[in-house]
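Engineer: Input: one structure, supplied below.
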Amino acid sequence: MAGFLAKGIPMKSYNVAVIGGDGTGPEVVREAIKVLDVASKKFDIKLNYTNYDFGGDRYLRTKEVLPESAVSELRKFPVVLLGAIGHPDVKPGILEKGILLRLRFEMEQYINLRPVKLYDERFCPLKGKGPNDIDFVVIRENNEGLYTGSGGFVFKGTPNEIAVQESINTRRGVERCLRYAFELARKRHGGKPWKGLKPEDVKDGKKAQLTLCGKTNVLTYAFDLWERAFHETGQKEYPDIKRDYAHVDATTMWFVKNPEWFDVIVTDNLFGDIITDLGAMIQGGMGIAAGGNINPEGTSMFEPIGGSAPKYTGKNVINPLAAICAGGLMLDFLGETKAAQAIENAVIKTVREKLKSLAAGKMGYGTNEVGDLVAAAV
Ligand code: IPM
Ligand code: MN
């Protein structure tokens, strides 16, 4: 039923599919919803949640990774909030491929957006780096590369066996990812062009810049395509964005040495997977790192990137901030930028003023108390 504001204006309402998933997933999603509910009340929006029990327990019970209808049902939602996938009693790969990757692929969530932002100097493992130095976004291509499952075995199980795993890079897939990244670089700097920028237009001393992270010196087919598409699209459509290139190995070095050089980074699926774990560490750890699997025209899915942490399950020690931040990214995707900003500000306040650490069991508060603190700050 549609709600109404006092003024008689219908409330904005969004349907949210919730997959708590495995391990600590349900615990952190509970806290994210607690915070989302406070933010939606404050900003006059309504979130209608529908729960799905996909994950390891359901698989062990039913022997079915995802029910037949799952994808078509989830497609009816604008957004999905996901806790974690990965169960200690299920062979690695089954749930990850059968649930997480399948949803990313079948819902064409071709962008994996992972902000890397340090909220408090105390939680950065890098000496002398603070919040002004670590504030960039990684755009990871999320539907292609080495993740498509293309390849196979020949002579499997014999001494002559061959395993081939192919990286798929389509011009269409690469271009749509690049465009998203260029647009984001533009948006982060309020649409201000790179050329002729005045110092006062420069955010935190940085200019709108997109770095392509690749391996053009070795992967001379895949990243040749990426590099050509990058410069052609950039030159034609985004001359206002400075284009920069870094090899993936060098990128990991710069993350540690000069993270302040980065603004927006775009890369393929596997490199994006790897560099965002390092990104999570320099922003304070898995407890705070969130991401969005985005289909700009369809259903997008938001998640803490840290996994199901089985050893912490049910102990009320896991950090829910990554899931709470994922909720913020979800609101931002829905166009509720003020509510999203309010959540981020509340997270920043909680991190700076309350928490002893961002690591599980060391925060100085329980999982639910951290949720309460952020909710109160909103
Ligand atoms: C991630 C994870 C997944 C990935 C795994 C669980 C399949 O590491 O979201 O980064 O590799 O994409
Ligand atoms: Mn990963």
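Engineer: Does the stretch 334-347 contain at least one residue that is among the hydrophobic types (A, V, I, L, M, F, W, C), crowded, with 22+ Cβ neighbours inside 10 Å and either within 16 Å of ligand 2 (Cβ to nearest atom) or under 25 Å from residue 209 (Cα atoms) (or both)?
Structural biologist: no
Engineer: Which members of the stretch 266-322 meet the condition of being away from ligand 2 (no atom under 15 Å from the Cβ), within 28 Å of residue 108 (Cβ to Cβ) and charged (D, E, K, R)?
Structural biologist: 297 - this is the single residue of the stretch 266-322 that is away from ligand 2 (no atom under 15 Å from the Cβ), within 28 Å of residue 108 (Cβ to Cβ) and charged (D, E, K, R).
Engineer: To continue, here is another question. Please find, among 354, 315, the residue that is surrounded by fewer than 17 Cβ atoms within 10 Å (Cβ to Cβ), more than 16 Å from ligand 1 (Cβ to nearest atom), touching a residue at least 12 places away in the same chain (Cβ under 8 Å) and under 29 Å from residue 96 (Cα atoms).
Structural biologist: After ruling out the rest, the residue left standing is 315.
Engineer: Now, a different point. Please give the helices (runs of 4 or more DSSP H) falling wholly within the stretch 221-282 in which 2 or more residues are more than 16 Å from ligand 1 (Cβ to nearest atom).
Structural biologist: Here the list reads 222-237, 248-257.
Engineer: OK, next. Could you identify the single residue in 126, 184, 95 that is assigned by TED's automatic domain parsing to the domain that holds residue 47 and within 21 Å of the chain's Cα centre (by Cα)?
Structural biologist: 95
Engineer: Could you check, for the stretch 163-170, whether at least one of its residues is away from ligand 2 (no atom under 16 Å from the Cβ), touching a helix residue (DSSP H, G or I) at 6+ places or on another chain (Cβ under 6 Å), outside the structural domain of residue 110 (by TED's automatic domain parsing) and in contact (Cβ under 8 Å) with a residue 24 or more places away in the chain?
Structural biologist: yes
Engineer: Now a separate question. In the stretch 293-305, what count of residues is obtained for those that are within 11 Å of ligand 1 (Cβ to nearest atom), farther than 17 Å from residue 144 by Cβ and not in a loop (DSSP other than H, G, I, E, B)?
Structural biologist: 3
Engineer: In addition: So, of the residues in the stretch 122-155 that are in contact with a strand residue (DSSP E or B) (Cβ under 8 Å, 6 or more places away or on another chain) and loosely packed, with under 14 Cβ neighbours inside 10 Å, which turns out to be farthest from residue 273 (Cα to Cα)?
Structural biologist: Of everything passing the filter in the stretch 122-155, 155 is farthest from residue 273 (Cα to Cα).
Engineer: OK, next. Answer yes or no: is there a residue in the stretch 64-84 that is of a type in the set (Phe, Trp, Tyr), modelled with pLDDT of 95 or more, farther than 27 Å from residue 338 by Cβ and away from ligand 1 (no atom under 16 Å from the Cβ).
Structural biologist: The answer is no, given that none of the residues of the stretch 64-84 is of a type in the set (Phe, Trp, Tyr), modelled with pLDDT of 95 or more, farther than 27 Å from residue 338 by Cβ and away from ligand 1 (no atom under 16 Å from the Cβ).
Engineer: Among the numbered criteria (1) surrounded by fewer than 22 Cβ atoms within 10 Å (Cβ to Cβ); (2) within 13 Å of ligand 1 (Cβ to nearest atom), which one does residue 95 miss?
Structural biologist: (1)
Engineer: If you don't mind, there's one more thing I want to ask. Scanning for something at pLDDT 95 or above, assigned to a loop (DSSP other than H, G, I, E, B) and aromatic (Phe, Trp, Tyr), does the stretch 150-159 turn up at least one residue?
Structural biologist: Yes: one or more hits.
The values are calculated or read from the model by the stated rules, or taken from the named source; none is laboratory data. Note that this is a predicted model, so its numbers are computed, not measured. Don't worry about glycine lacking a Cβ; one is built from the backbone with ideal geometry, like all the others, and counts go over all protein chains shown.
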